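The values are calculated or read from the model by the stated rules, or taken from the named source; none is laboratory data. Fair warning: this is a prediction, and the values are worked out from it, not measured in the lab. Glycine also receives a Cβ, built like all others from the backbone with ideal geometry; neighbour counts cover every protein chain displayed.
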Amino acid sequence: MRGKIGVPPTMRSISATSSPARIKFWGTRGSIPVPSPETLRYGGNTTCVELRADGEIIVLDAGSGIRPLGVALDREFQTRPIKLSLLITHAHWDHIQGFPFFKPGYDSKNEIRIFGFDGAGATFREIMTEPMRSPFFPITMRELSARMDINKLNEMKFSLGKLDIHAAFVNHPGVCAGYRIFTSSGSVAFLPDHEPYEFFLHAARGKQLSPEETKEIAAEQHVALVQFLRGSDILILDSQYTDQEYKTHIGWGHGSISSAVALATEAEVQTLLLFHHDPSHNDEMVDTMVESARQIAMKSGSHLEIAGAQQNSEMVLEAKKVAAA
Ligand SMILES: [Zn+2]
Ligand SMILES: [Zn+2]
């Protein structure tokens with residue numbers, strides 16, 4: 001695996017059928033877009049990641065970063081149809097707000113398959129269609145001319161073309177999924193929003209559980225998540241807060257530098273990408289957080305590679321060479 005951080009989007013075009021797998025970050029910010037001279041490197045757009053592998057184009061979440069992705073796809077494909085699958089982790093604004101501005105949705109030659117789970121108090125179809133109606137938006141989903149399939153997920157394992165995809169529910173307010181995508185070059189896990197189980201168990205909210213029961217469920221969920229992530233080549237993980245900030249944000253649904261490094265290390269992940277940057281963190285602050293994450297990993301003797309996910313950067317995931325027997 002080699003990472004390429006900071007390559008501008010126009011420098012190369014990616015073929016949908018090429019191997020190795022390629023990952024491009026179109027939005028890395030959490031909560032709300034924060035375009036500013038101070039967020040130029042890590043980016044101001046909210047969550048959107050593009051993965052191309054084994055002939056598929058997978059888009060992970062539809063935060064404001066999906067708008068420039070749409071523009072780039074349009075430019076690349078021109079008169080050819082765009083076929084892609086959009087996987088949604090959950091209904092929070094920063095993960096769906098860009099969809100109404102996704103240009104390929106407005107062209108009848110294109111085919112967009114959207115996948116996600118029912119949310120808390122809303123079906124998956126409602127999550128995708130309700131924000132696109134009056135009085136919130138002037139155009140409804142029905143008026144989009146692309147072929148649009150909204151697919152509610154029922155299974156935690158499914159395939160898209162040659163790609164196997166595993167889903168897991170993570171620790172976040174409401175219903176929130178994480179995905180792990182198995183490509184012929186390795187696997188990429190995407191958990192943009194997740195709080196460490198040991199500090200706050202979101203599933204226990206509103207339930208009459210004793211502290212012991214809560215602790216037990218949290219421990220079980222943690223073990224299951226480690227199993228889900230085990231051996232991932234790349235883990236894109238919520239690490240919104242510094243350890244100090246996290247102390248005053250317990251229960252907000254997000255992770256810290258220490259918790260991200262600990263989870264990635266325990267799951268024997270190769271590369272951890274710090275993600276869902278806090279809107280109040282400028283580039284310099286995220287640099288400091290990346291450095292402190294590396295220090296934490298080094299002190300624990302972990303060989304984890306760590307970087308901060310940067311908007312417009314690309315990563316290449318190459319198939320491991322297996323020696324001939
Ligand atoms: Zn979020
Ligand atoms: Zn969220």
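Within region 113-149, being acidic (Asp, Glu) and part of a helix (DSSP H, G or I) holds for 126, 143.
Using beta carbons and a limit of 6 Å, which pairs, at least six apart or on different chains, have the first residue in region 67-94 and within 21 Å of residue 54 (Cβ to Cβ) and the second one within 16 Å of ligand 1 (Cβ to nearest atom) and of a type in the set (Ser, Thr, Tyr)? That search, which allows pairs on different chains as well, returns 87/179. Only one of these conditions is not met by residue 256: (1) out of contact with any Asp or Glu (no Cβ under 7 Å at 6 or more places or on another chain); (2) of a type outside the set (Val, Ile, Thr); (3) within 16 Å of ligand 1 (Cβ to nearest atom). Which number is it? For residue 256, the exception is condition (1).
Does residue 193 count as over 22 Å from residue 158 (Cα atoms), under 22 Å from the mean Cα position of the chain (by Cα), within 16 Å of ligand 1 (Cβ to nearest atom) and crowded, with 16+ Cβ neighbours inside 10 Å? Working first, answer last.
Working: over 22 Å from residue 158 (Cα atoms): no; under 22 Å from the mean Cα position of the chain (by Cα): yes; within 16 Å of ligand 1 (Cβ to nearest atom): yes; crowded, with 16+ Cβ neighbours inside 10 Å: yes.
Considered against the rule, which asks whether it is over 22 Å from residue 158 (Cα atoms), under 22 Å from the mean Cα position of the chain (by Cα), within 16 Å of ligand 1 (Cβ to nearest atom) and crowded, with 16+ Cβ neighbours inside 10 Å, residue 193 comes out as no.
Among the conditions (1) in contact (Cβ under 8 Å) with a residue 60 or more places away in the chain; (2) more than 16 Å from ligand 1 (Cβ to nearest atom); (3) charged (D, E, K, R), residue 238 misses just one, which is (2).
Taking region 290-305, which residues are modelled with pLDDT of 95 or more and among the hydroxyl-bearing types (Ser, Thr, Tyr)? Correct list: 292 only. Residue 113 meets all of the listed conditions (1) within 20 Å of residue 51 (Cα to Cα); (2) within 16 Å of ligand 1 (Cβ to nearest atom); (3) in contact with a strand residue (DSSP E or B) (Cβ under 6 Å, 6 or more places away or on another chain) but one, namely (2).
Looking at 278, 238, 287, 243, which one is modelled with pLDDT of 95 or more, in contact with a helix residue (DSSP H, G or I) (Cβ under 8 Å, 6 or more places away or on another chain) and surrounded by fewer than 16 Cβ atoms within 10 Å (Cβ to Cβ)? I'd like the intermediate steps shown before the answer.
Working: 278 fails: surrounded by fewer than 16 Cβ atoms within 10 Å (Cβ to Cβ); 238 fails: surrounded by fewer than 16 Cβ atoms within 10 Å (Cβ to Cβ); 287 fails: in contact with a helix residue (DSSP H, G or I) (Cβ under 8 Å, 6 or more places away or on another chain).
Exactly one of 278, 238, 287, 243 is modelled with pLDDT of 95 or more, in contact with a helix residue (DSSP H, G or I) (Cβ under 8 Å, 6 or more places away or on another chain) and surrounded by fewer than 16 Cβ atoms within 10 Å (Cβ to Cβ), namely 243.
Name the residue, out of 212, 195, that is acidic (Asp, Glu) and in contact with a helix residue (DSSP H, G or I) (Cβ under 9 Å, 6 or more places away or on another chain). Full working, then the answer.
Numbers: 212 fails: in contact with a helix residue (DSSP H, G or I) (Cβ under 9 Å, 6 or more places away or on another chain).
Answer to the selection: 195.
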